[in-house]
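Step one of this worksheet: look at the structure below.
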Amino acid sequence: MEEDYGYGSSDGEFYDDDDDDLAQGFEETIDDIEFSGSNCKHLPCKVIRKESLLAAQKNDLQRVMDLLLLKEHHARTLLIHYCWNADKIFTEFIEKGKERLYAEAGVSVSDSSNRGSCHVSSEITCEICFEDFVASETTTMECGHCFCNECWTEHFIVKINEGQSRRIACMANRCYSICDEGSIRNLVCARDPELAEKFDRFLLESYIEDNESVKWCPSVPHCGNAVRVDSDECCEVECACGRQFCFTCSSEPHSPCSCVMWEHWVRKCKDESETVEWITENTKFCPKCHKPVEKNGGCNLVRCICGQAFCWLCGGATGIAHTWTSIEGHDCGRYNEKHGQETQRARKEVWRYTHYYNRHKAHKDSLEAEEKLEEKLQQKIATLESRNLEDKDFSWLSNGCHRLIRSRKFLLYSYPYAYYMFGDELFEKEISSKEKTIKQNLFEDQQQQLEANIERLSMFLEEPFANYAEDKILEIKMKIITLSAVTDKFCGKLFECIDNELLSPLQQATHLIAPYKSKGVEKASELPD
């Protein structure tokens, strides 16, 4: 094995053998390092299981009931209307007052003793079906409207089956009050007990479906868990089942890509990645819409689906009329710089996409291989332990492997970010060409520094060091510990570059990214039943 492992660098930013002194202090605590520049903080992140869902909902209900002195179903109506944001309810209460708050949410608070029947008379006419009923066969809601039980029941069943069970409004014309869930439950249960259970389940699951702070875990098959994050910060979380996901868009963790960038990238890769090479070799670009066109005949006059005819030989736009030997008004022998520039621009975009796609895929393939590396490292650790070496702590191997995987993930998602950050699809009008070039150079310098050190860390972890001499093993250990710290530092620096210098002056509200965390994706803790 060669003694000099260094990658050349003129700016001194890459790891160097002289940096071994950085390892001091990292040996025992490398997995506890948190990059200070990213201002990361621990997020209150909880797993909500089926058993703890009711308890989670009860906590918010009790807060609103205690403050506004409401019954539980009134508090639930308010919370569903405000997406289970109790703090927003309290703010609206102070700003708008109780009456307006209740009216906007459809809450009607009345004395239940006055709702026993619609009228004092023994028979009343239902204004829906116009049939006469005794008072015991009618129900009056808190808003004061009274109809027969049959009409109420039909109304509730239709709404539940339509998926509107969380906010079923009164049947009366221009009445927006939400019906009492107890009355709904009793009337529906009398006809269809299973549908009544479905109604109760929908009310319970409203805490997840309508709550901006809670998301279902996107695991397949579904684990049945939800995750709650009590913070407005963009973040990535890990469910108790082990599934990691972006809390904002529920896709895989993709920082430093924003959710908008990642959505565009996934769609683009799905549409183009498998055919991009074939497109480059077998098509030419329409001079009008710049879409790739395949020639399926011998004639060199082809027509795009947009209607534009052009010459297959030179790519220049033409008319339709032509003979066996020429195209009217067109001469390929004369070079047209404008047409050449348009064709080159379309080709350049395909080549640009191919570059970023290939880099992203290469690091994704490396990540898949490195995720299997830990098993191999355990075998090496077993071999080292059997040798009775003086140093018996080999946690630096598993810590280094975890650091490698985290850094590799951050790096591979930086390529889709770069594709959109320095392209024209999302930021064409927000950044000048000159400024874009400067920022791209700044970004790529730091990206390359990170990439070089990740590859070095991967190389050392894959070394067959289990049978090396003890002094050589100590040398490898120091390099892995140091490189773990160095890659962590460069991940943090790259995140700061993206968040503060690149995205900050642009549409940062649209392109929020989850902060880089040395310890990886936030793991949700269990919520007590």
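What follows draws every value from the coordinates through simple rules; no lab data is involved. The structure presented is a predicted model; accordingly, all values stated were derived computationally and were not measured. Neighbour counts run over all protein chains shown; Cβ positions are idealised from the backbone, glycine included.
Available extension along the chain between LYS98 and GLU127 is 7.3 nm, counting 0.36 nm per residue and deducting the alpha carbon span. Projecting the Cα atoms of CYS217, PHE156, ILE168 onto the dipole axis of segment 127-223, where Lys and Arg carry +1 and Asp and Glu carry -1 at the beta carbon, places CYS217 farthest toward the positive end. The HN-Hα couplings worked out from phi for segment 423-428 by the Karplus form 6.51 cos²θ - 1.76 cosθ + 1.60 (θ = phi - 60°) are x, 10, 6, 10, 10, 4 Hz, whole numbers, x standing for Gly and Pro. Among 403-416, 167-180, the peptide with the highest mean count of other Cβ atoms within 10 Å heads the list, and the full ranking is 403-416, 167-180. Entry for segment 115-193 at q = 0.18 Å⁻¹: log10 I(q)/I(0) = -0.69, Debye formula applied to identical alpha-carbon scatterers, no solvent contribution. Placing R0 at 41 angstrom, the Cβ-Cβ distance between LEU474 and LYS519 gives a FRET efficiency of 0.95 after rounding to 0.05. Once both labels are positioned 7 Å from their Cα atoms along Cα-to-Cβ, the gap between HIS355 and ARG191 label points is 6.6 nm. The gain in end-to-end length when the GLU51 to ARG387 segment is fully stretched comes to 116.1 nm, 0.36 nm per residue minus the alpha carbon separation.
According to the Cα-based calculation, Rg over Rh for segment 415-489 is 1.25, with Rh computed by the Kirkwood formula. Each of TYR417, MET478, LEU527 was placed along the dipole of segment 399-529 (beta-carbon charges, centred on the mean Cα), and the one lying farthest toward the positive end is MET478. The simple spin-label model puts a point 7 Å past each Cα toward its Cβ; for LYS364 and GLU501 those points are separated by 2.9 nm. Pairs from the list LYS364/LYS489; LYS364/LYS523; LYS98/LYS159; LYS392/LYS472; LYS409/LYS523; LYS215/LYS436 with a Cα-Cα gap above 25 Å: LYS98/LYS159; LYS215/LYS436.
Compute the distance from the alpha-carbon center of segment 361-394 to that of segment 157-220, in whole Å. Segment 361-394 and segment 157-220 have Cα centres spaced 52 Å from each other. Using just the C-alpha positions of segment 439-529 as equal point scatterers, what log10 of I(q)/I(0) does the Debye formula give at each q in 0.10, 0.13, 0.23 1/Å? Values returned for q = 0.10, 0.13, 0.23 Å⁻¹ are -0.42, -0.63, -1.13. Compared with the alpha-carbon gap, the fully stretched path from LYS270 to PHE90 is longer by 60.3 nm at 0.36 nm per residue. Computed 3J(HN,Hα) for segment 470-485, one whole-Hz value per residue from the Karplus formula 6.51 cos²θ - 1.76 cosθ + 1.60 where θ = phi - 60°, is 4, 5, 6, 5, 4, 5, 4, 4, 4, 5, 5, 5, 5, 5, 4, 5, glycine and proline marked x.
Taking the square roots of 5 times each eigenvalue of the Cα gyration tensor of segment 164-273, largest first, gives ellipsoid semi-axes of 37, 17, 14 Å. Put simply, when 85-97, 147-159 are sorted by average Cβ atoms within 10 angstrom per residue, most first, you get 147-159, 85-97. Taking Cα centre as origin and charging only the Cβ of basic (Lys, Arg, +1) and acidic (Asp, Glu, -1) residues, the dipole magnitude of segment 143-230 rounds to 120 debye. Restriction of the GluC sites (Glu not before Pro) in segment 430-529 to DSSP coil positions whose beta-carbon has at most 11 other beta-carbons within 10 angstrom yields GLU430. Highest mean first, the peptides 380-391, 352-363, 238-249 sorted by other C-beta atoms within 10 Å per residue fall in the order 238-249, 352-363, 380-391.
At each listed q (0.09, 0.19, 0.21 Å⁻¹), what is the log10 of I(q)/I(0) that the Debye formula gives for segment 376-529 modelled as equal alpha-carbon point scatterers? The Cα Debye sum returns log10 ratios of -0.41, -1.09, -1.24.
Using the Cβ-Cβ distance between LYS71 and GLU430 with R0 set to 51 Å, the FRET efficiency works out to roughly 0.50.
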